[in-house]
Amino acid sequence: MEIKEKIESLINDNDVCLFMKGTPDAPQCGFSMAVTNVLKHLNVNFKGINVLEDENLRKGIKDFSDWPTIPQLYVKTEFVGGCDIVKEMFEKGELKKFFENKKII
């Protein structure tokens, strides 16, 4: 399966999909840990995709989103952003509202 199709499948099959370094239970970078902690704090069920297991996936997700960094959060196929955006939305109370509007929480 071509990497773009794999990424599309992961995003389409999971309401909340986080492309991250490591796993939700063992993040392997501070940025991935920060986003994971925010999602856990909001009691959001999400699929963590470890980009460190597949170099093609790691490069492919950056090309797919035209976003240079990991982690990357997708909600119901919509690209939300990376760590800074997620943290800012959370701090302003926007992230909780976003998830409520998407019927995630």
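Please treat every number below as a calculation from the coordinates, not as lab data. Keep in mind it's a predicted model, so treat the numbers as computed, not measured. Quick reminder, even Gly has a Cβ in these numbers, built from the backbone with ideal geometry, and neighbours come from all protein chains shown.
Data for the structure
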item: Within the stretch 40-49, considering residues that are under 12 Å from residue 74 (Cα atoms) and among the hydrophobic types (A, V, I, L, M, F, W, C), the one surrounded by the most Cβ atoms within 10 Å (Cβ to Cβ); result: 49
item: Sole residue being acidic (Asp, Glu) and at positive phi, chosen from 15, 25, 66, 84; result: 66
item: Odd one out for residue 77 among (1) at positive phi; (2) buried (at least 18 other Cβ atoms within 10 Å of the Cβ); result: (2)
item: The stretch 34-52 residues that are touching a residue at least 40 places away in the same chain (Cβ under 8 Å) and over 16 Å from residue 21 (Cβ atoms), paired with ones that are assigned to a loop (DSSP other than H, G, I, E, B) and among the aliphatic types (A, V, I, L, M) (beta carbon under 7 Å, 6 or more apart); result: 42/105; 43/105; 44/104; 44/105
item: Residue within the stretch 55-64 that is without any contact (Cβ under 8 Å) to a residue 40 or more places away in the chain and small (Gly, Ala, Ser) present; result: no
